[in-house]
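Here's the structure, in structure tokens; my notes come after.
The values are calculated or read from the model by the stated rules, or taken from the named source; none is laboratory data. This structure is a prediction, so every number in the text was calculated from the model and none was measured. Virtual Cβ from ideal backbone geometry, glycine too; neighbours counted across all protein chains shown.
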Amino acid sequence: MSDQKKTEEMFGQLTGKMVETMTVWADANQRVFHELVELSTATAKEGVKLCGELQQGAIETLRSSQSAAVRWQGAWSDGAKDPAQLYQKALLSGVDTVEKAVKLMEGQAQAITRSAERLQTSAEQAGKGIQETYAAVVEKMKGVYQI
């Protein structure tokens, strides 16, 4: 009878340890899933924010090109009277357009860089949270199995 009690006791301990192990891992999985959801949410928000910034630049460019088209309509009618002035206006307009395009590209590059930096920070935070979760799991498992 003594061997049967020992077997039952051992089985009870193993069952308890197995349940505790499953609980620890379920908790760890929940924490990791939470970190991944937070990272996904931050990535989605960042994507929407970046898209808005890039669209704003595109809208500004469209407005600028529309006003340039209106200016050119008047310049062509006056161009027949003074071709040198038309050439000068065209040259200045071309330089102005290139300058605006470079500023737009610089602004968009800066927006993309800021977005990438924010995403990197979010990813680092998620990675740190996941790493801490698994470190805690190791410590709990050491306690469960007294390693």
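Do we find a residue being over 22 Å from Glu60 (Cα atoms), of a type in the set (Phe, Trp, Tyr) and modelled with pLDDT of 90 or more anywhere in the range 132-140?
Yes, some residue in the range 132-140 is over 22 Å from Glu60 (Cα atoms), of a type in the set (Phe, Trp, Tyr) and modelled with pLDDT of 90 or more.
Residue-by-condition table, conditions (1) surrounded by 13 or more Cβ atoms within 10 Å (Cβ to Cβ); (2) more than 19 Å from Gln125 (Cβ to Cβ); (3) of a type outside the set (Gly, Ala, Ser):
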{"site": "Ser2", "(1), (2), (3)": "no, yes, no"}
{"site": "Lys5", "(1), (2), (3)": "no, yes, yes"}
{"site": "Leu14", "(1), (2), (3)": "no, yes, yes"}
{"site": "Ala28", "(1), (2), (3)": "yes, no, no"}
{"site": "Phe33", "(1), (2), (3)": "no, no, yes"}
{"site": "Val37", "(1), (2), (3)": "no, no, yes"}
{"site": "Thr43", "(1), (2), (3)": "yes, no, yes"}
{"site": "Lys49", "(1), (2), (3)": "yes, no, yes"}
{"site": "Glu53", "(1), (2), (3)": "yes, yes, yes"}
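Given the conditions (1) out of contact with any Ser or Thr (no Cβ under 9 Å at 6 or more places or on another chain); (2) farther than 30 Å from Lys128 by Cβ; (3) touching a residue at least 40 places away in the same chain (Cβ under 8 Å), which single one is not true for Ala111?
(2)
Across the range 55-104, which residue is modelled with the lowest pLDDT among those that are within 30 Å of Ala123 (Cβ to Cβ) and not aliphatic (A, V, I, L, M)?
Within the range 55-104, the match that is modelled with the lowest pLDDT is Gly57.
With touching an Asp or Glu at 6+ places or on another chain (Cβ under 8 Å) and surrounded by 10 or more Cβ atoms within 10 Å (Cβ to Cβ) as the only criterion, which of Gly94, Gly129 stands out?
Residue meeting the stated conditions: Gly129.
Consider Phe11 carefully, then state whether it is among the aromatic types (Phe, Trp, Tyr), assigned to a helix (DSSP H, G or I) and under 30 Å from Ser115 (Cα atoms).
No: the conditions fail for Phe11.
Restricting to the range 103-118, and then to whatever is loosely packed, with under 15 Cβ neighbours inside 10 Å and basic (Lys, Arg), can you tell me which residue is farthest from Ala44 (Cα to Cα)?
Going through the qualifying residues, I end up with Lys103.
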